[in-house]
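The structure appears right after this line, and notes come after that.
The values are calculated or read from the model by the stated rules, or taken from the named source; none is laboratory data. Every value quoted in this text rests on a predicted model; they were computed, and no experiment measured them. Heads up, the Cβs are rebuilt from the backbone with ideal geometry, glycines too, and the neighbour counts pull from every protein chain shown.
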């Protein structure tokens, strides 16, 4: 039978000549695999620095095909009211919106469509802005592409 005892109690048993076994018990620290890793440590990122810039300067160049969202015919625009946010979160919202505006990623819009914003706390304590597009998603045409069955693909090998 094993019993965990204090150091002073073990000393008493040893002076009496009892057989004792010493063990050190410690908690195992869970290692964070992302800790200490940098993007510049990845070989492919080091080899092609022009593809992986440190900071994005703005929107990409115009492309020949302009993206658009196909809506269900007759769908009325949906504009949801914003979620109630704490004053500290409102400051974070205005800071992030200003930053995105300064970089040229967003611009003022007069669109009849609107979606509320919420924040999720990241591991490092900063906030990630999330836009709730569920109402817009309900109004979109769902693209259906047939995906091949995995067993058919294996049979072709």
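Going by the structure shown, is residue 81 at pLDDT 90 or above and in contact with a helix residue (DSSP H, G or I) (Cβ under 7 Å, 6 or more places away or on another chain)?
no
Residues in region 62-70: is at least one touching a strand residue (DSSP E or B) at 6+ places or on another chain (Cβ under 9 Å) and in a loop (DSSP other than H, G, I, E, B)?
Yes, there is a match, as at least one residue in region 62-70 is touching a strand residue (DSSP E or B) at 6+ places or on another chain (Cβ under 9 Å) and in a loop (DSSP other than H, G, I, E, B).
Wholly within region 85-157, which helices (runs of 4 or more DSSP H) include no fewer than the required count, namely at least 3 residues that are loosely packed, with under 14 Cβ neighbours inside 10 Å and under 21 Å from the mean Cα position of the chain (by Cα)?
Answer list for region 85-157: 87-103.
Which one of these is at pLDDT below 80, more than 30 Å from residue 142 (Cα to Cα) and either part of a helix (DSSP H, G or I) or in contact with a helix residue (DSSP H, G or I) (Cβ under 9 Å, 6 or more places away or on another chain) (or both): 27, 20?
20
If you check every pair at least six apart or on different chains, which have Cβ atoms under 8 Å apart with a residue in region 8-33 that is under 30 Å from residue 123 (Cβ atoms) first and a residue that is part of a loop (DSSP other than H, G, I, E, B) and at pLDDT 75 or above second?
25/4
Would you point out which residue out of 77, 82 is under 20 Å from residue 131 (Cα atoms), more than 24 Å from the chain's Cα centre (by Cα) and not in a helix (DSSP H, G or I)?
Residue meeting the stated conditions: 77.
Looking at region 58-74, which of its residues are within 22 Å of the chain's Cα centre (by Cα) and surrounded by 10 or more Cβ atoms within 10 Å (Cβ to Cβ)?
Result: 59, single match.
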